[in-house]
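Read the structure below first, then the notes.
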Amino acid sequence: MYAYIYVFVVLQQKILVKVQMHCDKCRTKALKIAASAYGVSKVSIEGANRDHVEVIGDGVDSVCLTELLRKKLGFAAIVKVEQVKGDKREEKPTANYIQYCAPQCPPMYCEVVREYPEPTCSIM
């Protein structure tokens, strides 16, 4: 009996972007823009003046994210990009089964032959 255990290591990155936000409407807009980026799993507002957007995700392009924020809100600059240690997740198969590595013969197919009755009409 073989049992397989798959281990997935999730490598995520943490991006901190300083954005010019002077009201709650701008902060909400920045959160929506950051959340719509590809691969984002968590978005939050950080900093003493609540002017930093922290994005955590897998495969997030920090340059594209910053350009989007600049286009919609004005000033935006990348402060820090760092790797975040991911959680190790183990997945076990749900059913126990036996896997044989011996070659198997291909399945045999039988053809069904239909016999038609004699034609009732004929051409002369």
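The values are calculated or read from the model by the stated rules, or taken from the named source; none is laboratory data. Since the structure is predicted, the reported quantities are computational estimates derived from the model, not experimental observations. Counting neighbours? That spans all protein chains shown, and the Cβs are built from the backbone with ideal geometry, glycine included. In case anyone asks, the SASA skips ligands and DNA or RNA and just uses the protein heavy atoms, side chains included. Shrake-Rupley method; radii C 1.70, N 1.55, O 1.52, S 1.80 Å.
Just a few scattered comments:
- Number of positions in region 29-49 that are among the hydrophobic types (A, V, I, L, M, F, W, C) and open to solvent by 70 Å² or more (accessible area, probe 1.4 Å): 1
- In the set (1) assigned to a helix (DSSP H, G or I); (2) of a type outside the set (S, T, N, Q); (3) closer than 18 Å to residue 12 by Cα, the condition left unmet by residue 55 is number (1).
- Evaluation of residue 30 against the conditions (1) part of a strand (DSSP E or B); (2) modelled with pLDDT of 90 or more shows that the sole unmet condition is (1).
- Output for region 58-107, where each listed residue is part of a strand (DSSP E or B) and modelled with pLDDT of 90 or more: 76, 77, 78, 79, 80, 81, 82, 83
- The set of residues from region 18-28 being under 11 Å from residue 44 (Cα atoms) and buried (at least 16 other Cβ atoms within 10 Å of the Cβ) comprises just one member, 27.
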